């Protein structure tokens, strides 16, 4: 069970979380709970570190921010004990949750679940684990996994203790076919394949951290996204609670062709015009961008008409737009382009579905439907289980609604 | 160097602490710094634990409250690095600071200073250590030393790294002959012996935690009490800063007869009348009090006139007054006393000085001076280096001023 910052924002909510855990314990389950810091706490700690010195030692940053989860793990252990449940808190270094040395964005390298499992068996003791943190054992220093890392902690712990399932309690009751604020008819998916969820998460459906989905996929840990606002007493632990199960493809009986529509307005487009169509030209453009740590997303290069000159379009996060333009301008001589144009008022709409693999013409339907709405498609990229379209930002909602209806995702 | 909660209450003050440390590093010293939590933080964490459950697991309490010092140790390390000083934070479990398993009031059992010393030599690295906390190694759990424990951490670390001195930065600039708020002419002591400081600290001069003074005495670590409000830039690191050195008796050239006057109004007096003067009667009274964990301070029993009946008076902290009365009332049959009377409006005034050992008649002077002021002495206890008088609380200030002048402690 994993509870995020809003679920443990104060003592009353921590008591509510304890009731959720009690329900599962009473149903006979062995439980490990992973908690985030109280909402707002991590931001406060980060602000202090930044105020002390904008360029601070990531090792010290980690020691500071990891304290937030330490507090909630202890408080939840106390709340559970007050309900008569055996429980103890675990810090990352106590288990230990071993990580790489990449402070502030460490990767989990290993977790030994033996002691936790032993305590389940011998004492029915609930393990309350501080999320987001670990230890780099060679140096003995506290590490953190980066923002949203508690999801990753939870899935990794679940794998280490061979859990049947990893329940992620969030402020939504599952994964939807698209953002319900844009499409009120969006429906909750009962099941979604890891691969599909990966595409949705990285495309802006911010329910889960991408890394946690990757981990779930690699270790085949079913991840169940459910609401932390459901009242513990209303839930039948033996029933099927509302939520979305993220699982392997094989466990989904009937794959829909399209599972969901994701979109992101946080995009900027840069087009480089009339570059020579010769080997090494892509490297000349994207090398300097990579050196500047600019995340390039879509890349579109068409086959040139005359075999001599071509255009190349790519997108970057809107926050990196200016840096990206500067980088390309500085590299103008090396790249040898004639002109550069760019836009920030663009959006990316993506259609995701494992069923696409075996269905032809899925994208073609979209092109037709959008053209009927007079929505111009600036660029297209495709992969095996999704395709993405770059359009004018003003048309985002219209495009999403159109595609949602087109692929039969509207709630009955 | 040890800095308390008010000295690290916000980032600006943490930067000021960093300047104090820089001054010592620039003067060529190897420095270990022990820090408390930001003022108010520990109270907040304790309140959360208590709100979650009034009767909470002390092991979880420790995990929760230790987080406060974790944050300040990281922040100070960052602030030092920003000044170009090599520094790193150390949590209790990282050094490790080994303690007993008595959670929330653990005792330090061992500290290995080798790694810290190695880093002084090899990298001139300042060790920034989270005070108040340690680890019980057999269970691997975080422990805390009890309120004010950071002073104890500091002296223990100083002993482990063979420090020349342990500087405790506080909100006062040293130890005074008595409370300057009561006696404006009170003067700062340049030096005071460990034994004297122990008597003063336990008698209510709350400059230092008693245990830290005991530790300093046992390991012969000179403890220097100085002000954290002095501006770092105004201090000559090679000069003699204002403050009080607590050291072994031998290092004080000329012992004064009386060093200081301590007092406490937080006292309650209970007198048990007409008890049989026979063996075992003291045990019958103090046994039940000890069982109830009531701290008895002064005990006065006079030789009975007739060899048959006597009276016995003792004091307890005012906060334990009602419980103590109940305990004695319940044990009435076993003790076999005729009456019990009690008072809460009493104060204890103590006169302390190592020189008393070799000077007769020191107490007699006090009795005379107080009687001239019409101050009635309710009870008297004496030890080798101090004597304490129980008087009506209303006369406390008058008595302290009278004795301060009597023993020549007034500032010239």
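The values are calculated or read from the model by the stated rules, or taken from the named source; none is laboratory data. Predicted model, so just to flag it, every value in this text is computed and none were measured. We place every Cβ from the backbone using ideal geometry, glycine too, and count neighbours over all the protein chains shown.
A few points about this structure:
- Filter result (in contact with a strand residue (DSSP E or B) (Cβ under 7 Å, 6 or more places away or on another chain) and buried (at least 24 other Cβ atoms within 10 Å of the Cβ)) within the range B:71-87: B:72, B:73, B:74, B:76, B:77, B:80, B:87
- Residue check for residue A:37: within 30 Å of residue A:236 (Cα to Cα), within 11 Å of chain B (Cβ to nearest Cβ), crowded, with 21+ Cβ neighbours inside 10 Å and modelled with pLDDT of 95 or more: yes
- Number of the condition not met by residue A:108 [criteria: (1) in contact with a helix residue (DSSP H, G or I) (Cβ under 7 Å, 6 or more places away or on another chain); (2) more than 19 Å from residue B:60 (Cβ to Cβ); (3) within 8 Å of another protein chain (Cβ to nearest Cβ)]: (3)
- Exactly one residue among A:98, A:81, A:94 is more than 7 Å from every other protein chain (Cβ to nearest Cβ) and either in a helix (DSSP H, G or I) or modelled with pLDDT of 95 or more (or both), and that residue is A:98.
- For the condition assigned to a helix (DSSP H, G or I), at pLDDT below 95 and more than 9 Å from chain B (Cβ to nearest Cβ), residue A:42 qualifies.
- If the condition is being touching a residue at least 60 places away in the same chain (Cβ under 8 Å) and either within 7 Å of chain B (Cβ to nearest Cβ) or not in a helix (DSSP H, G or I) (or both), then the range A:66-78 contributes A:66, A:70, A:75.
- Residue within the range B:167-177 that is modelled with pLDDT of 95 or more, more than 30 Å from residue B:400 (Cα to Cα) and away from every other protein chain (no Cβ under 14 Å) present: no
- Scan of the range B:47-65 for residues that are more than 8 Å from every other protein chain (Cβ to nearest Cβ), modelled with pLDDT of 95 or more and surrounded by fewer than 23 Cβ atoms within 10 Å (Cβ to Cβ), ordered by number: B:47, B:50, B:58
- Among the conditions (1) within 14 Å of another protein chain (Cβ to nearest Cβ); (2) surrounded by fewer than 18 Cβ atoms within 10 Å (Cβ to Cβ), residue A:125 misses just one, which is (2).
- Some residue of the range B:378-393 being touching a helix residue (DSSP H, G or I) at 6+ places or on another chain (Cβ under 6 Å), under 27 Å from residue B:191 (Cβ atoms) and surrounded by fewer than 12 Cβ atoms within 10 Å (Cβ to Cβ): yes
- Meets criteria (farther than 22 Å from residue B:206 by Cα, buried (at least 21 other Cβ atoms within 10 Å of the Cβ) and in contact (Cβ under 8 Å) with a residue 60 or more places away in the chain) for residue B:31: yes
- Any hit, the range B:147-160, residues being more than 14 Å from every other protein chain (Cβ to nearest Cβ), more than 18 Å from residue B:70 (Cβ to Cβ), in a loop (DSSP other than H, G, I, E, B) and touching a strand residue (DSSP E or B) at 6+ places or on another chain (Cβ under 7 Å): no
- Within the range B:189-227, being surrounded by fewer than 22 Cβ atoms within 10 Å (Cβ to Cβ), within 27 Å of residue B:14 (Cβ to Cβ) and in contact with a strand residue (DSSP E or B) (Cβ under 8 Å, 6 or more places away or on another chain) holds for B:207, B:222, B:224, B:226, B:227.
- Within the set B:139, B:143, the sole residue that is more than 8 Å from chain A (Cβ to nearest Cβ) and part of a loop (DSSP other than H, G, I, E, B) turns out to be B:139.
- Subset of the range B:101-136 [closer than 16 Å to residue B:158 by Cβ, assigned to a strand (DSSP E or B) and touching a residue at least 24 places away in the same chain (Cβ under 8 Å)]: B:108, B:111, B:126, B:127, B:128, B:129, B:130, B:134
- Entry remark, the range A:8-33: residues being touching a strand residue (DSSP E or B) at 6+ places or on another chain (Cβ under 6 Å) and either outside any strand (DSSP E or B) or within 12 Å of chain B (Cβ to nearest Cβ) (or both) number 4 in total.
- Wholly within the range B:249-335, helices (runs of 4 or more DSSP H) carrying at least 3 residues that are without any contact (Cβ under 8 Å) to a residue 24 or more places away in the chain: B:281-291, B:321-330
- Checked against (1) farther than 27 Å from residue B:200 by Cβ; (2) surrounded by 12 or more Cβ atoms within 10 Å (Cβ to Cβ); (3) modelled with pLDDT of 90 or more, residue B:329 passes all but condition (2).
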